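Written out below as structure tokens is the structure these notes cover.
Throughout, read-outs are computed from the coordinates displayed, never taken from laboratory work. Note that the structure is predicted; figures quoted are calculated from it, not measured. Here the Cβ positions follow ideal geometry from the backbone for every residue, glycine too, while neighbour counts run over all protein chains shown.
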Amino acid sequence: MKEKIIEIKIKECAFLELDSEDRELVETAKRMALGSYAPYSKFHVGAAIRMENGEIVGGSNQENVAYPSGTCAERTAAYYASARYPGMPMRKIAIAAWTKLHGEEEKAASECFQRKPISPCGACRQALLEYESAYGPIEVILYGLDGVFIFPSVASLLPFCFTEF
Ligand code: THU
């Protein structure tokens, strides 16, 4: 039996090391997170997708009293992007999240972004992979106060993924 190693090459940098377009994308994801509807988890996530035409499409998590009916920020953004610009490649997605920890109730939401980046859930990876398989690689930019991680594609976050039948 052979052993195989899967390697993913990712980049890590500070927010200010991003170029101005990527900073704008992250800022949009943060703005989206500030407007998220998350009264149950109080975990607010925003996503922003850079389309091939340069436009940015944003989304945030939308929760529901019937919990499974809610949707993550990444899928809100991806489905909105595909509905708004049918057939247009999505080039990049930035993701940011904030929540108030115990004792931070008085803090402004904008001061409560996660130190460590959050990574999209499995269902969102699969949803994003659909558009990546159809239209080409989507770079994934995960924002955290301590640093930013950049993945070259959605597939790099989802090895051995299901893309066809
Ligand atoms: N959530 C997202 O929107 N994106 C992620 O990548 C992880 C989780 C949302 C779903 C739910 O509204 C809340 O965060 C807590 O899981």
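Can you give the net charge of the other residues whose Cβ lies under 11 Å from the Cβ of Gln114, counting K and R as +1 and D and E as -1? So the surrounding residues net to +2. The charge dipole of the chain, taken about the Cα centre with unit charges on the Cβ atoms of Lys, Arg (+1) and Asp, Glu (-1), comes to about 280 debye, rounded to the nearest 20.
Placing unit charges on the Cβ atoms of the charged side chains and taking the dipole of segment 59-147 about its Cα centre, the candidate lying farthest along the positive direction among Ala81, Leu101, Tyr67 is Ala81. Segment 54-98 and segment 125-158 have their alpha-carbon centroids 13 Å apart. Length gained on full extension, Asn64 to Ile8: 16.6 nm, using 0.36 nm per residue less the C-alpha separation.
Using the Cα coordinates of segment 115-161, the gyration tensor eigenvalues translate into equivalent-ellipsoid semi-axes of 21, 11, 8 Å, sorted from longest to shortest. Normalised by 2.2 N^0.38 Å, where N counts its residues, the alpha-carbon radius of gyration of segment 21-94 equals 1.09. Taking the chain as a Gaussian network of alpha-carbon nodes connected by springs under 10 Å, the highest mean-square fluctuation of the residues Lys42, Lys30, Lys107 belongs to Lys107. Determine the sum of side-chain charges near Arg91: Lys and Arg each +1, Asp and Glu each -1, restricted to other residues whose C-beta is under 9 angstrom from that of Arg91. Value of the local net charge: 0.
At an R0 of 22 angstrom, the distance between the Cβ atoms of Met1 and Phe165 translates into a FRET efficiency of 0.20.
In nm, what is the difference between 0.36 nm times the number of residues separating Glu105 and Lys42 and their Cα-Cα distance?
On the way: separation 63, 0.36 × 63 = 22.68 nm, distance 1.15 nm.
Between Glu105 and Lys42, full extension yields 21.5 nm more.
Where only DSSP H runs of four or more residues are counted, the chain gives -8000 deg cm²/dmol as its mean residue ellipticity at 222 nm, each run worth -39500 (n - 2.57). In a solvent-free Debye calculation with one equal scatterer on each Cα, what is log10 I(q)/I(0) for segment 17-163 at q = 0.12 Å⁻¹, listed in the order of the q values? Each listed q corresponds, in turn, to -0.45.
Using the alpha carbons alone, the radius of gyration of segment 78-165 stands to its Kirkwood radius in an Rg to Rh ratio of 1.06.
Which three numbers, in whole Å and largest first, are the semi-axes of the equivalent ellipsoid of segment 55-115 derived from its Cα gyration tensor as √(5λ)?
On the way: eigenvalues 152, 52, 12 Å².
Equivalent-ellipsoid dimensions as semi-axes: 28, 16, 8 Å.
The modelled label-to-label distance between Glu21 and Leu145, using points 7 Å beyond Cα along the C-beta direction, is 3.0 nm.
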